[in-house]
Amino acid sequence: MSVKPRGNYGVDAPWVPWLWIGIAAVSAGGAIGFGLWRAGWWSAALAWYFVAATVFCLTGAALYWHASLRGKFVIWDRLLRRISLAPHARVLDLGCGRGAVAIMVASRFPDATVTGIDLWRTGDQSGNSRDATERNTALNAVDARVALDTGDMTRLPYPDGTFALVTASLSIHNVPTAEGRRAAIEEAVRVLAPSGRILIADIQRTGEYAAELRRLGLTTTGPTPLGWRTWWTGPWMATAELDATR
Ligand SMILES: C[S@@+](CC[C@H](N)C(=O)[O-])C[C@H]1O[C@@H](n2cnc3c(N)ncnc32)[C@H](O)[C@@H]1O
């Protein structure tokens with residue numbers, strides 16, 4: 001059975017794999033050009049260098065599309081299997097985008113209510129919009145339990161201690177400044193209920209978030225790497241998880 005909910009979830013930072021495809025195309029041109037030139041050993045060596053670069057870039061683009069279209073759903077399925085929620089728990093998904101994690105949470109916990117908050121940036125996820133997310137929640141029959149808010153995760157419009165679980169999938173790194181990312185973590189902790197839990201999966205600066213969570217008094221495990229399924233082109237851009245409880 002597929003772990004991916006029904007619907008279209010776009011591609012995260014969609015220009016990245018196309019950049020790699022572009023570099024692959026230029027490299028393939030180099031391979032063909034130097035291969036045909038036959039000027040000596042060095043043109044043959046350059047032709048093989050460009051063959052290797054082409055394969056490298058095509059592999060990076062394929063890994064990236066896998067991470068965005070399937071891998072992140074597999075890892076969130078694995079993360080959410082560890083969670084148990086009290087009846088009628090409230091859950092917040094920071095930077096929910098087109099609803100991948102919010103919908104997975106609502107589907108796994110049939111009496112939970114989930115709030116997704118986002119600024120709907122299309123540079124961060126293709127086709128990102130509140131309408132697209134509403135279509136996905138309806139397709140999965142969780143629209144009655146998933147509320148969507150337009151807002152900034154660094155200034156959450158919710159009272160202290162509201163949510164039993166706060167999730168953030170590949171979203172906090174999109175806040176451009178260190179102060180902003182710190183504010184996002186502080187806000188996640190502020191709106192967390194006593195004995196609540198925060199689950200974060202992200203590609204960059206997870207050590208920064210972990211230090212902030214610990215400074216705010218949460219017991220935190222991670223950053224723990226989540227494996228090749230969420231390598232965004234390769235192991236140099238891997239996803240790690242953080243699991244924090246109050
Ligand atoms: C890479 S997408 C990931 C979306 C979704 N969490 C997922 O895993 O499919 C990052 C999301 O964070 C949102 N975002 C970026 N900065 C934000 C901010 N300051 N407040 C709320 N959302 C933000 C973007 O609009 C985008 O939807």
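The values are calculated or read from the model by the stated rules, or taken from the named source; none is laboratory data. Remember, it's a predicted structure, so these values are computed and weren't measured experimentally. All Cβ positions, even for glycine, are placed from backbone atoms using ideal geometry, and neighbour counts span all protein chains on display.
Odds and ends about this structure:
- Filtered by the rule that a residue be more than 13 Å from the ligand (Cβ to nearest atom), hydrophobic (A, V, I, L, M, F, W, C) and closer than 12 Å to residue 191 by Cα, segment 146-165 gives 163, 164, 165.
- Selection count, segment 48-97, where residues are more than 18 Å from the chain's Cα centre (by Cα), assigned to a helix (DSSP H, G or I) and hydrophobic (A, V, I, L, M, F, W, C): 9
- The set of residues in segment 108-150 being polar (S, T, N, Q) and either over 16 Å from residue 4 (Cβ atoms) or surrounded by fewer than 19 Cβ atoms within 10 Å (Cβ to Cβ) (or both) consists of 113, 115, 122, 126, 128, 129, 140, 150.
- Leading residue by the ranking (nearest to the chain's Cα centre (by Cα)) among those in segment 166-198 that are assigned to a loop (DSSP other than H, G, I, E, B) and within 11 Å of the ligand (Cβ to nearest atom): 170
- Any chance residue 179 is over 21 Å from residue 224 (Cβ atoms), modelled with pLDDT of 95 or more and buried (at least 18 other Cβ atoms within 10 Å of the Cβ): no
- Filtered residue count, segment 1-38, keeping only those that are among the hydroxyl-bearing types (Ser, Thr, Tyr) and within 29 Å of the chain's Cα centre (by Cα): 2
- Taking the listed residues 105, 3, the one that is not charged (D, E, K, R) and not in a helix (DSSP H, G or I) is 3, with no other qualifying.
- In segment 170-181, the residues that are assigned by TED's automatic domain parsing to the domain that holds residue 100 and touching a residue at least 24 places away in the same chain (Cβ under 8 Å) reach residues that are basic (Lys, Arg) and near the ligand (Cβ under 8 Å from one of its atoms) with C-beta atoms within less than 9 angstrom, at least six apart or across chains, in these pairs: 170/72; 174/121.
- The number of residues in segment 89-112 being within 6 Å of the ligand (Cβ to nearest atom) and either at pLDDT below 95 or in contact with an Asp or Glu (Cβ under 7 Å, 6 or more places away or on another chain) (or both) comes to 4.
A quick yes/no check of all residues on (1) buried (at least 17 other Cβ atoms within 10 Å of the Cβ); (2) farther than 30 Å from residue 224 by Cβ; (3) assigned by TED's automatic domain parsing to the domain that holds residue 175:
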| position | (1), (2), (3) |
| --- | --- |
| 10 | yes, no, no |
| 19 | no, no, no |
| 29 | no, yes, no |
| 32 | no, yes, no |
| 44 | no, yes, no |
| 51 | yes, yes, no |
| 62 | no, no, no |
| 74 | yes, no, no |
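- Filtering segment 113-145 to residues that are more than 13 Å from the ligand (Cβ to nearest atom), in a strand (DSSP E or B) and of a type outside the set (S, T, N, Q) leaves nothing.
- Members of segment 199-239 found to be among the aromatic types (Phe, Trp, Tyr), touching a residue at least 40 places away in the same chain (Cβ under 8 Å) and either out of contact with any helix residue (DSSP H, G or I) (no Cβ under 6 Å at 6 or more places or on another chain) or not in a strand (DSSP E or B) (or both), listed by number: 228, 232
- Residue in segment 239-246 that is surrounded by 19 or more Cβ atoms within 10 Å (Cβ to Cβ) and of a type in the set (Ser, Thr, Tyr) present: yes
- Members of segment 167-202 found to be of a type in the set (A, V, I, L, M) and farther than 21 Å from residue 81 by Cα, listed by number: 172, 175, 178, 183, 184, 185, 188, 189, 191
- Conditions (1) more than 8 Å from the ligand (Cβ to nearest atom); (2) touching a Ser or Thr at 6+ places or on another chain (Cβ under 9 Å); (3) closer than 21 Å to residue 174 by Cα; number of the one not met by residue 65: (2)
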